[in-house]
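A short worksheet on the structure shown next.
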Number of protein chains: 2
Amino acid sequence: MTFRNFPMVPRVVFGCGSFNQLGEIIAPKRVNNNSPFIFLVDDVFQSSPFAERIPLEHRDKIIFINADTEPKTSQVDELRDGIKQEFDELPSGIIGIGGGTLMDLAKAVAIMLANPGSSVDYQGWDLVKNPAVYHVGIPTISGTGAEVSRTTVLTGPEKKLGINSDYTPFDQVVLDPDLCAGVPVNQWFYTGMDCYIHCIESLTGTYLNAFSQSYGEKSLDLCNDVFCNGTLPEEESREKLMMASWHGGMSIAYSQVGVAHAMSYGLSYLLGTRHGVGNCIVFDHLEEFYPEGVKQFKEMVDRHGVEIPGGLCADLNDAEFDTMINVSMGMVPLWENALGKDWKQVITPRKLRNMYEKM
Amino acid sequence: MTFRNFPMVPRVVFGCGSFNQLGEIIAPKRVNNNSPFIFLVDDVFQSSPFAERIPLEHRDKIIFINADTEPKTSQVDELRDGIKQEFDELPSGIIGIGGGTLMDLAKAVAIMLANPGSSVDYQGWDLVKNPAVYHVGIPTISGTGAEVSRTTVLTGPEKKLGINSDYTPFDQVVLDPDLCAGVPVNQWFYTGMDCYIHCIESLTGTYLNAFSQSYGEKSLDLCNDVFCNGTLPEEESREKLMMASWHGGMSIAYSQVGVAHAMSYGLSYLLGTRHGVGNCIVFDHLEEFYPEGVKQFKEMVDRHGVEIPGGLCADLNDAEFDTMINVSMGMVPLWENALGKDWKQVITPRKLRNMYEKM
């Protein structure tokens, strides 16, 4: 058996207000005054006072990005091409500010600035040859674990799949819980549940080991504090959810996600369903696989008065179902983790069709 | 307020048997065939079959080191000088295999191979100017957290103090729980309690934040599993204690240790008391500061039938007491963390003398 030599984020700063240190943190990484820092920022901040706190110098540039859709390979390639066209020199760094979409775009653009071809060519495992440009992750919503993971999940023309590589993780992460103030309740819940769900998938999976288990258990404890305990002060709740996301991401270092993610990838690929809510839609129907987790999930949904959308698959035709089923069944490591090597004895196209029809 | 931009170990492999991957892991770091890897190895392995598993190539060298005494600045300087004398080129890397002493020696020697003068010059905070030589930590006993920390604690002619710097953490850690098989019970307990005690100190300290808290709580949970629950299979117990040590080390990233460490530094400095047992000796008398932690500690001592030495200070003279008290009171951040800015209103030389006299 070979164990992965896992690349951890080598620098992390944590604290309410730590975003104010960003200028100082990145300054030593500036190659020269013509080599800019490019800030990829969720466009919810476009007309917010927060945007003025971004420390621009010299030729640095902010690119606001709408995160209503999942990140795409074409989008990554266009961002890369645009940056290369505008600047004579490679950027000093790429700084992603936002949720999972912005985290993943920042990681992918940093990789593609240093590697030829299209990002499509690198979807998979360990296909990246050259180290990425310096890249920094600054989450403004908690739960995806993208700030600490070794992947960047992109939807391409043929598949939704991550660029999994040792060059993918951020060189620096800034964890400032204050940046998560003001997230709408539904989004807060869906994204937080991404964390809850991947912990359940990791902790009940066949790939689990003591390393991932310890991170997953702590992440789940923190999710429970945040989502099952209504009495936490807001600031403490934000801090704990940020740490839950961090540990949840680490918990997948040696394990894998499972059934919810495998099926939610199908939904996202066909319908563009956002990752957080897609996981919730699927997980709500997975009592068979995760009885305790789903029971608690339903309690949390009720407690926070959140609506889980339904009826997404009501009008789909056979070809569309087949597309979803193919994407989902292609996630072999996820199914293996969830159900073992013989997963195909449980999961058939017909079974998945039946399950999708309820969603 | 400024938050530390914490350097994490950038690469970690975890798993029973993962030590077998060491050769493959370090191979890409070899500068050339004349630039050796130097393995600093606890001499308990000198005539063990384990030593034959160390992957030597070209001019690589094992230096066996007795870890019965705490690591010293003079020892670091001598190791550095010896390596420089024997080899024309700087080593490709320093690999520490053992407990906290070997971890700290490997970190310190790696720093001193790249920095002029004596290691004494770098005891303190952020005094190291040049990046250390590549260094790898492979713990064979769990609890110190030295595998993940930003310090290397050395006893010098005038003080016992760490080289705290961004260049101190290992570039690579190999966590192979199998390597901890066969540790004698007393040593297992004293070293494990180092972890337990610094979690208590961190979690009850005034420096605590949500980052450190989440790591500290998980570490403490794992310590409880290992030391308060007699039913764990040995392998699981080793795995959990290794993760407890890891998370415990991380918990101090943003916090500090406290009264037990401050006083135990005094014992070590004067009497050469080993760090783990020294912490136990002190902590056993700290009901006033850590009532719950000390209660549980005493239960664990009883449960495992471990003896905590006493009477160390019975024959000391006034000058010796004063030395211990001075060393201990010099650990200002530890006292501040434990008792706040006004700690000197509680901790006086007389008070410390009274406490030491009981030990």
Angle in degrees between helix A:291-303 and the longest Cα principal axis of chain A, rounded to the nearest 10: 60 degrees
Cut-off under 5 Å, modelled amide H: who pairs with B:THR140 long-range: B:GLY98, B:GLY99
A:ASP342/A:GLU78 FRET efficiency (R0 56 Å; Cβ-Cβ; nearest 0.05): 0.85
Tilt relative to chain A, helix A:210-227 - C-alpha long axis, 0 to 90 degrees, to 10: 90 degrees
Most to least packed among B:2-10, B:246-254, A:291-299, B:165-173 [average Cβ atoms within 10 Å]: B:246-254, B:165-173, B:2-10, A:291-299
Cα-Cα over 29 Å, subset of A:LYS129/B:LYS61; A:LYS159/A:LYS295; B:LYS107/B:LYS218; A:LYS218/B:LYS341; A:LYS218/B:LYS351; A:LYS29/B:LYS107: A:LYS129/B:LYS61; A:LYS159/A:LYS295; A:LYS218/B:LYS341; A:LYS218/B:LYS351
Three-way shape label, the stretch A:43-194, alpha-carbon gyration tensor, a/c 1.5: oblate
Burial ranking of peptide ranges A:278-286, A:136-144, B:300-308 (average Cβ count within 10 Å, highest at the top): A:136-144, A:278-286, B:300-308
Within chain B, helix-based [θ] at 222 nm, where runs of 4 or more DSSP H residues each add -39,500 (n - 2.57), nearest 500: -13500 deg cm²/dmol
7 Å along Cα→Cβ, label-point gaps from A:ALA314 to other copies, nm, shortest first: 8.5
Magnitude of the charge dipole, the stretch A:185-357, Cβ model with Lys/Arg +1 and Asp/Glu -1, debye to 20: 380 debye
Simple spin-label estimate for B:ASP68 and A:VAL185 in nanometres, 7 Å along Cα-Cβ: 6.8 nm
Cα gyration tensor, the stretch A:278-347 - rounded (a/c under 1.5), prolate or oblate: oblate
Alpha-carbon centroid distance for the pair the stretch A:308-359 / the stretch A:198-230, whole angstrom: 24 Å
Residue-averaged beta-carbon neighbours from other chains (10 angstrom radius) around A:221-234: 1
Length gained when the stretch A:ARG353-A:ASN32 is fully extended (0.36 nm per residue, less Cα-Cα span): 110.0 nm
Prolate/oblate/rounded call for the stretch B:185-357, Cα gyration tensor, a/c under 1.5 rounded: oblate
The protein assembly as shown - accessible surface per residue (Å², probe 1.4 Å): 38 Å²
Tilt relative to chain A, helix A:73-86 - C-alpha long axis, 0 to 90 degrees, to 10: 0 degrees
Average other protein chain Cβ within 10 Å of Cβ, residues A:240-247: 3
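Can you tell me the FRET efficiency between A:ASN130 and B:ARG303 if r is taken as the Cβ-Cβ distance and R0 is 51 Å, rounded to the nearest 0.05? Spell out each step's value before the answer.
On the way: r = 54 Å, r/R0 = 1.06.
With R0 = 51 Å, the Cβ-Cβ based efficiency is 0.40.
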Inter-chain Cβ neighbour average for residues B:11-19, partner chain, 10 Å: 6
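Over the stretch A:185-357, what percent of the accessible surface lies on carbon and sulfur atoms, probe 1.4 Å? Spell out each step's value before the answer.
Values: 3040 of 6610 Å².
C and S atoms contribute 46 percent here.
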Label point 7 Å beyond Cα along the C-beta direction, distances from A:ASN33 to other copies (nm, shortest first): 5.0
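Fully extended, how many nm does the chain gain between A:ALA51 and A:GLU235 (0.36 nm per residue separation, minus their Cα-Cα distance)?
Gain in length upon complete extension: 64.1 nm.
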Cβ-vector label at 7 Å, A:GLY124, separations to other copies in nm: 5.4
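The values are calculated or read from the model by the stated rules, or taken from the named source; none is laboratory data. Source: prediction; values computed, not measured. Positions of Cβ are backbone-derived with ideal geometry, glycine not excepted, and every protein chain shown enters the neighbour counts. Just so you know, the surface numbers come from the protein's heavy atoms only, side chains and all, with ligands and any DNA or RNA stripped out. Shrake-Rupley method; radii C 1.70, N 1.55, O 1.52, S 1.80 Å.
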